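The values are calculated or read from the model by the stated rules, or taken from the named source; none is laboratory data. Computed from a prediction, not measured in an experiment: that's the story for all the values here. Cβ: placed from backbone, ideal geometry, glycine included. Neighbour counts: every protein chain shown.
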Amino acid sequence: MKLVTIQTAAVPSELAVIKSRLEDEGIFCFLKGENIAQIRPYYSGFDAVELQVPESDADRALEIIRQAEEKTTGHEPVLCPDCGSVHTRRIAEGPLTFGKKMVLFFVALVTFVPFAHTRQMSRYHCQDCGKKFRF
């Protein structure tokens, strides 16, 4: 039985709920790198643990994950614009520094443009192809 990786995480606890859900659906799951990640968290990198399933069940497992994400978030998952993958992760934006706040303030003051209603776009990272994009 050949296993394929369908999702990665930094620590096993990030994949525990997904693994449990797939096992409830009768899909065999294996967490590759689980033991080393528990002994030395973040030692092997940020995606040290891999959720693997049999190759024959991979499509079904990805569909179950997609449906579960829709139910918990209330909307479709963010798709990668390059490869179309659902394995995207939101990247935390750094806080606005004092200098950036001052620049925004003076630009708003000079141009009379209020920034209160501008849409904040989040940054995402595709775990499959590595592309970083805004959505």
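So the values come out like this:
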| item | result |
| --- | --- |
| Residue that is modelled with the lowest pLDDT, among those in the range 26-44 that are surrounded by 11 or more Cβ atoms within 10 Å (Cβ to Cβ), assigned to a loop (DSSP other than H, G, I, E, B) and not polar (S, T, N, Q) | P41 |
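Conditions tested, residue by residue: (1) part of a strand (DSSP E or B); (2) modelled with pLDDT of 75 or more; (3) of a type in the set (K, R).
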residue	(1), (2), (3)
D47	no, no, no
L51	yes, yes, no
D59	no, yes, no
P95	no, no, no
K101	no, no, yes
P114	no, no, no
